[in-house]
Amino acid sequence: MSKQYDLVVIGGGPAGYEAAIRAAQLGMKVACIEKRVHKGKPSLGGTCLNVGCIPSKALLDSSHRYESTIHDLGAHGITTGDVAIDITTMVARKDKVVDQLTSGIAALFVGNKIEWLQGTGKLLAGKKVQFTPLDGGEVQTLDATNVILASGSVPVNIPVAPINEQEIVDSTGALDFTTVPATLGVIGAGVIGLELGSVWRRLGSEVVVFEALDTFLPAADKAVAKEAQKILTKQGLDIRLNAKVTATQIADGKVTVNYNQAGEDKVQVFDKLIVCVGRKAYAADLLADDSGIKLTERGLIDVNDQCLTSVEGVYAIGDLVRGPMLAHKAMEEGVMAVERIHGQAAQVNYDTIISVIYTSPEIAWVGLSEEAAIAKGHEVKTGQFSFAVNGRALASGDTAGFVKFVADAKTDRLLGMHVIGASAGDIVHQGMIALEFVSSIEDLQLMTFAHPTLSEVVHEAALSVDGRAIHAIQRKRKA
């Protein structure tokens, strides 16, 4: 006998659990299927909460505090004795943070009367969902008026560096090192590679980052990418561009990496190697052959702007569909899909999705880069202002980086905001809000920013677009 639901969500990550909660708020009878077992127990929250965004930020914070204690406190007149890091305690703290958050999601499910089905789900024909329990219990068929597919993504593995969970690990394995590797190789200079490389570099590893592309952070504004590469290199990350790993060998607890850089074959040996070359949609056994769901040429689920698939009443969200693989994008798609089901006119603005890299300093952007704006045919004007002359930044010792605005020279409309600096991931939301309200640069120029704050750099950067920044000598513009 089948069970009947208004909505069945397959996947309990950020996309899925937010969809389930919003649906319950709207009075729907909801079931959410999630198979993840983390540290020996079933867990909601997906990659983000269990082995991605949250644990990596916990380690980034711990490692930043350690490095800051050693190198930065002296300038404040604070002296310390010998400073040491206990990796076991650091990792245990990370696990506690993860457990607190994932347990919180489980509590929200209980409070919202959402049925958490622990196991796997498969979409069948006619919007039926096959549920296979983790405990080996009887396979059930669920009748669903609506279905949301939200099974997320997994790390991409590459044949030249097969994961063995010891010397060669993926991003998940890199969160649970028991000791600091003396030498660490990282394949991929993207968000994950730079963040994990930064964690272990701060704790004492000699880190080499291999990037197959010949440009650094190609998605970022070129000025930001150039500054980020300079700062991260100065910190000690050995970033090697145009360096393609061709083979690896493991012997005596070490991993030998063969790579080709700019046409020259090279070899280097490491204690550990992290593979961070991207992620791919996870749709293993998610769709029956007769489910009616169409896929794109890239193997993603084909959806419209509101995440509706080729089957009426079936939505796909998050990493399964087009767009950046970002938790906040996935969350909003989940809410949008549910509200669409409920008859509301919800819509995600994909032009204002923020990107953040949680290195130190942070790197964040929203909207168009200068290069992308020009490629789209805009006549652009830009303004940039450094944290180095900001009073609050000087007082706190966070003077690296700058804020940059990109605007249309003819209409004055804001096109993009780019930040490298302390709290960039928070500061960039000012640009996102401005973009949502179709603001002009003049709108930002006319606002009053509190003094002394880091956000004053936002104001000065907006003023500098028209050569009006107060705390910098501005070159006279041609009339």
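The values are calculated or read from the model by the stated rules, or taken from the named source; none is laboratory data. Note that the structure is a prediction, hence the values are computed from the model and not measured. Positions of Cβ are backbone-derived with ideal geometry, glycine not excepted, and every protein chain shown enters the neighbour counts. Note: accessible area is taken over every heavy atom of the protein model, side chains too, but ligands, DNA and RNA are not part of it. Shrake-Rupley method; radii C 1.70, N 1.55, O 1.52, S 1.80 Å.
Tell me, what HN-Hα J-couplings in whole Hz come from the Karplus equation 6.51 cos²θ - 1.76 cosθ + 1.60 at θ = phi - 60° for each residue of segment 377-390, using x for Gly and Pro?
Calculated HN-Hα couplings, in order: x, 6, 8, 9, 10, 10, x, 9, 9, 8, 6, 5, 10, 8 Hz.
Per residue, what accessible area does segment 199-261 have, given a 1.4 Å probe and all protein chains present, in Å²? Working shown, then result.
Working: 2950 Å² over 63 residues.
So segment 199-261 comes to 47 Å² accessible per residue, rounded to a whole number.
Over segment 94-183, how many percent of alpha carbon pairs lie in each 10 Å bin up to the one with the longest distance?
It works out to 12, 26, 31, 23, 7, 1, in whole percents.
Provide the per residue accessible area, probe 1.4 Å, for segment 309-458, rounded to a whole number of square angstrom.
Counting only protein heavy atoms, the per-residue value for segment 309-458 is 42 Å².
How would you rank 315-325, 86-96, highest first, on the average number of other Cβ atoms within 10 Å across their residues? Don't jump to the answer; show the numbers that get you there.
Working: 315-325: 24.7, 86-96: 14.3.
Descending packing order for the listed peptides: 315-325, 86-96.
Only sites in a loop by DSSP and with at most 12 other Cβ atoms within 10 Å count here; which chymotrypsin sites (Phe, Trp or Tyr not before Pro) in segment 391-479 make the cut?
F437
Compute the accessible area per residue over segment 66-183, keeping the other protein chains in place, probe 1.4 Å, unit Å².
Value returned for segment 66-183: 52 Å² of accessible area per residue.
Please provide three numbers in whole Å: the alpha-carbon extents of segment 205-349 along the principal axes, with the largest listed first.
57, 38, 27
Among I158, V186, T233, flag the residue with its Cα farthest along the positive direction of the charge dipole of segment 153-245, charges on Cβ as +1 for Lys/Arg and -1 for Asp/Glu.
After comparing all options, I get T233.
Report the convex hull volume per residue for segment 271-323, counting only C-alpha atoms, in Å³. Don't skip to the answer; put the middle values down first.
Numbers: hull volume 5.5 nm³, N = 53.
So the per-residue hull volume is 104 Å³.
At a 1.4 Å probe radius, carbon and sulfur cover how many percent of the accessible area of segment 227-327?
Numbers: 2380 of 5230 Å².
Reported share for carbon and sulfur atoms: 46 percent.
Give the dimensionless ratio obtained when the Cα radius of gyration of segment 295-422 is divided by 2.2 N^0.38 Å.
1.34
Please give the solvent-accessible surface of R65 in Å², to the nearest 10, using a probe radius of 1.4 Å with every protein chain present.
150 Å²
What would the Debye formula give as log10 I(q)/I(0) at q = 0.09 Å⁻¹ for the alpha-carbon point model of segment 27-163, no solvent?
Cα-only, vacuum Debye calculation for segment 27-163: -0.44.
To the nearest 20 Debye, how big is the dipole of segment 119-224 about its Cα centre, given +1 on the beta carbon of each Lys and Arg and -1 on that of each Asp and Glu?
In total the dipole reaches around 320 debye.
Can you put E165, E362, E436 in order of accessible area, largest first, using a 1.4 Å probe?
Final ranking, largest accessible area leading: E165, E436, E362.
What order, most packed first, do the peptides 240-251, 209-220 have when packing is the mean number of other Cβ atoms within 10 Å of each residue?
Numbers: 240-251: 15.6, 209-220: 18.7.
Top to bottom by mean Cβ count within 10 Å: 209-220, 240-251.
Probe radius 1.4 Å, ligands and nucleic acids ignored: give me the carbon and sulfur share of the accessible area of segment 353-479 as a rounded percent. Could you put the intermediate results ahead of the total?
Working: 3310 of 6170 Å².
Looking at segment 353-479 in its full context, I get 54 percent from C and S.
Starting from the Kirkwood radius over alpha-carbon pairs of segment 183-238, derive D by Stokes-Einstein at 20 °C in a medium of 1.002 mPa s and give it in µm² s⁻¹.
In µm²/s, the coefficient rounds to 189.
Can you list the DSSP H helices in the chain whose Cα atoms extend at least 18 Å along the helix axis and whose mean Kyte-Doolittle hydropathy is -0.5 or higher?
Working: long enough: 53-71 (26 Å, -0.41); 87-111 (36 Å, 0.68); 222-235 (20 Å, -0.64); 327-341 (21 Å, -0.03).
Correct list, ordered by number: 53-71, 87-111, 327-341.
Would you work out the Kirkwood radius for segment 368-479? I mean one over the mean of 1/r across all pairs of different Cα atoms, in Å.
Values: mean 1/r = 0.0715 Å⁻¹.
That comes to 14.0 Å for segment 368-479.
Report Rg/Rh for segment 131-237, rounded to two decimals, where Rg is the Cα radius of gyration and Rh the Kirkwood radius.
Rg/Rh: 1.15.
Roughly how big is the chain's charge dipole about its Cα centre, with Cβ charges of +1 (Lys, Arg) and -1 (Asp, Glu), in debye to the nearest 20?
440 debye
If N is the number of residues in segment 163-290, what value comes out of its Cα radius of gyration divided by 2.2 N^0.38 Å?
So segment 163-290 has a normalised radius of gyration of 1.13.
If you split all Cα-Cα distances of the chain into 20 Å bins from zero, what percentages do you get per bin, shortest first?
The calculated distribution, bin by bin, is 22, 51, 27, 1.
If Lys and Arg each add +1 and Asp and Glu each add -1, what is the summed charge of the other residues whose beta carbon sits under 13 Å from the beta carbon of T399?
Once positives and negatives cancel, what remains is -2.
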